[in-house]
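The values are calculated or read from the model by the stated rules, or taken from the named source; none is laboratory data. Since the model is a prediction, treat every value here as computed from it, not as a measurement. Heads up, the Cβs are rebuilt from the backbone with ideal geometry, glycines too, and the neighbour counts pull from every protein chain shown.
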Amino acid sequence: MKLYYANLSPYTRKVIATAMITGLLDKLEIIDLMSTGKYIPTPELKKANPLGKIPALLLANGETVVDSPVICEYLDAKSIKGSIYPKDEDAYFFQRKLEALADGCTDATLLRRYESVRPPELQSAEWDAKQKEKMALSFQYFDSVASRLGTSEFYIGEISIVAMIDYADIRFPQENWLSTAPNLKKWYDLVKVLPLFSETAPKK
Ligand SMILES: N[C@@H](CCC(=O)N[C@@H](CS)C(=O)NCC(=O)O)C(=O)O
C-alpha cells in the first residue's frame, strides 16, 4: 500500500500511529510529498485523491482510500495485531467523538495557518477569531474529559488528540494552547514520551 504522506501532517500521523497499533507499518510504502521542503500535490496524488489532500492510501488493486478516519478504519479492518477501537459500544462512540472533535480542532488550526501565510492585506482577523474560538472551545472540552483518556492503552481518540495538540503547538507556539488546559497538559506530558507518540511526533 502506498501512503501519500507529510511528516508535519497531523492527519497522516493518525494513519502512521494506526499502522503501528495494527501491525501494518511495514506494509506502507511512504510517498513523502514534502521531500523538497514544500508541499507538492503531485499529479499522481491528485489522480488518487481529487481533493489533492493527504493522507491518501493507494491500494494494490488501484483503489484509493481517502480521509484519515476512513484510512484508519481500513487499516483496522486489515489489522494483524491490535485495534484502534474499543469493543464496548459506549467506549467506541466516545472514541469516535474524540476523533471527530480533535480532527475538527485541527481543521481550524490548519485554516488559520493557511490564512496566516496569505498576503497580510488579504488576511481576515474576523475569520481568524472564528477559527480560534473553535480551538479554544475544543481545548476546553478535552480538558474536561482528560481523566477519561487512556494512559497505557490508546485508541483513535487519544491518537487524534495528541496529533491535534502537537500541530497547534507547531503552528502557533506563541499561543501555548496547553496552558489553557491544565488537566489535558498533565495527561499529554504523561503519554507523549511513549513510543506511539514519540516515534510519530512531527520533526519541527
Ligand atoms: N479531513 C482530511 C483532512 C486532510 C487535510 O486537510 N490534509 C492537509 C495536510 S495536513 C492537506 O492535504 N492540505 C492540502 C490542501 O488542502 O490542498 C483528513 O482527515 O484526512
Identify, by number, the condition in (1) more than 13 Å from the chain's Cα centre (by Cα); (2) under 19 Å from residue 8 (Cα atoms); (3) hydroxyl-bearing (Ser, Thr, Tyr) that residue 151 doesn't meet.
-> (2)
Test: residue 55 is modelled with pLDDT under 95, near the ligand (Cβ under 10 Å from one of its atoms) and of a type outside the set (Asp, Glu) | no
Given the conditions (1) buried (at least 16 other Cβ atoms within 10 Å of the Cβ); (2) assigned to a helix (DSSP H, G or I); (3) more than 13 Å from the ligand (Cβ to nearest atom), report the number of the one that residue 26 does not fulfil.
-> (1)
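Taking the conditions exactly as written (surrounded by fewer than 18 Cβ atoms within 10 Å (Cβ to Cβ), assigned to a loop (DSSP other than H, G, I, E, B) and modelled with pLDDT of 95 or more), does residue 50 satisfy them or not? Talk me through it step by step, then tell me what you get.
Values: surrounded by fewer than 18 Cβ atoms within 10 Å (Cβ to Cβ): yes; assigned to a loop (DSSP other than H, G, I, E, B): yes; modelled with pLDDT of 95 or more: yes.
So residue 50 fits the description; yes.
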Does residue 11 satisfy being in contact (Cβ under 8 Å) with a residue 60 or more places away in the chain and among the aromatic types (Phe, Trp, Tyr)?
-> yes
From (1) of a type in the set (Lys, Arg); (2) more than 18 Å from residue 110 (Cβ to Cβ); (3) within 9 Å of the ligand (Cβ to nearest atom), pick out the condition that doesn't hold for residue 78.
-> (3)
Filter the stretch 65-90 for residues that are among the polar types (S, T, N, Q) and more than 19 Å from the chain's Cα centre (by Cα) and give the result.
-> 79
Looking at this structure, is residue 14 under 15 Å from the mean Cα position of the chain (by Cα), within 18 Å of residue 155 (Cβ to Cβ), surrounded by 13 or more Cβ atoms within 10 Å (Cβ to Cβ) and basic (Lys, Arg)?
-> yes
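Considering only residues of the stretch 123-149 that are in contact (Cβ under 8 Å) with a residue 12 or more places away in the chain and not in a helix (DSSP H, G or I), which is surrounded by the fewest Cβ atoms within 10 Å (Cβ to Cβ)? Please lay out each step first, then the result.
If we filter the stretch 123-149 for residues that are in contact (Cβ under 8 Å) with a residue 12 or more places away in the chain, which is where we start, we get 127-128, 131-132, 134-136, 138-149.
Cutting the leftovers down to not in a helix (DSSP H, G or I) gives us 145, 149.
Numbers: 145: 17, 149: 21.
Once the filter is applied, the top-ranked residue is 145.
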Among (1) assigned to a helix (DSSP H, G or I); (2) more than 17 Å from the chain's Cα centre (by Cα) - the single one residue 162 does not satisfy | (2)
